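Worksheet for the structure shown next.
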Amino acid sequence: MKPYVVAVAYIVIVIVLAHLVAPDTYVWTRHTISELAAQGYARAWIMRLGFWGFGALVVLGGVRAARKAGRHWPREIALAAYGAGIFLAGVFSTAPFVAGLLYDAGQARLHSLFATAAGVSISLAMVLYALTDKPAERRVYHALAAVLTLGLSALFGVWTAGAGIVQRLLWAVGFLWLILVDLG
């Protein structure tokens, strides 16, 4: 079984479903995928299930790969940490995308913390793969994924009007990279 391919297929299906039932007030170019699981949103459970399932599958894949990886186990543990961060980002929800709703700011901060930890973990895994993967030609793909992830992360903090676009590009890079790792 290819756990990362299964995880990516699962989360893509959930993301599409969550978009199909999102209200008109949700604008995908401006709002993030995390906001599909926001506090106060009646259909947030769909995206939360997505985060939990995806995170759990990535954790299981990372732990399984770490057991087989020998001296390269740190890169696999970084992937497991990525999965754990996504899972926990689904446990704690971000602020609502509809203005004026009351919400728990502490929970929103925890969501942001775990989402950031997930981003750092996958970036670290990409760098570790770039330094250790065989054959050496594959290292270029890992390095490119790391550079794209870091660049898009920097853009995410600057271009708030296009936050939804940038975040989806970040997810797409991560998804493609996970599939490369799994099929590699």
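The values are calculated or read from the model by the stated rules, or taken from the named source; none is laboratory data. Remember, predicted model here, so these are calculated numbers, not experimental data. Quick reminder, even Gly has a Cβ in these numbers, built from the backbone with ideal geometry, and neighbours come from all protein chains shown.
For residue 16, the test of being out of contact with any helix residue (DSSP H, G or I) (no Cβ under 9 Å at 6 or more places or on another chain) and either crowded, with 22+ Cβ neighbours inside 10 Å or at pLDDT 95 or above (or both) is passed.
The number of residues in the stretch 86-95 being assigned to a loop (DSSP other than H, G, I, E, B) and of a type outside the set (Ser, Thr, Tyr) comes to 2. Within the stretch 59-75, the presence of a residue that is on the phi < 0 side of the Ramachandran plot, touching a Gly at 6+ places or on another chain (Cβ under 6 Å) and of a type in the set (Phe, Trp, Tyr) is excluded. The residue list 71, 64, 75 contains one member that is among the basic types (Lys, Arg), assigned to a helix (DSSP H, G or I) and crowded, with 20+ Cβ neighbours inside 10 Å, which is 75.
Is it the case, given these coordinates, that residue 144 is within 16 Å of residue 32 (Cβ to Cβ) and either without any contact (Cβ under 8 Å) to a residue 12 or more places away in the chain or of a type in the set (Asp, Glu) (or both)?
It is false that residue 144 is within 16 Å of residue 32 (Cβ to Cβ) and either without any contact (Cβ under 8 Å) to a residue 12 or more places away in the chain or of a type in the set (Asp, Glu) (or both).
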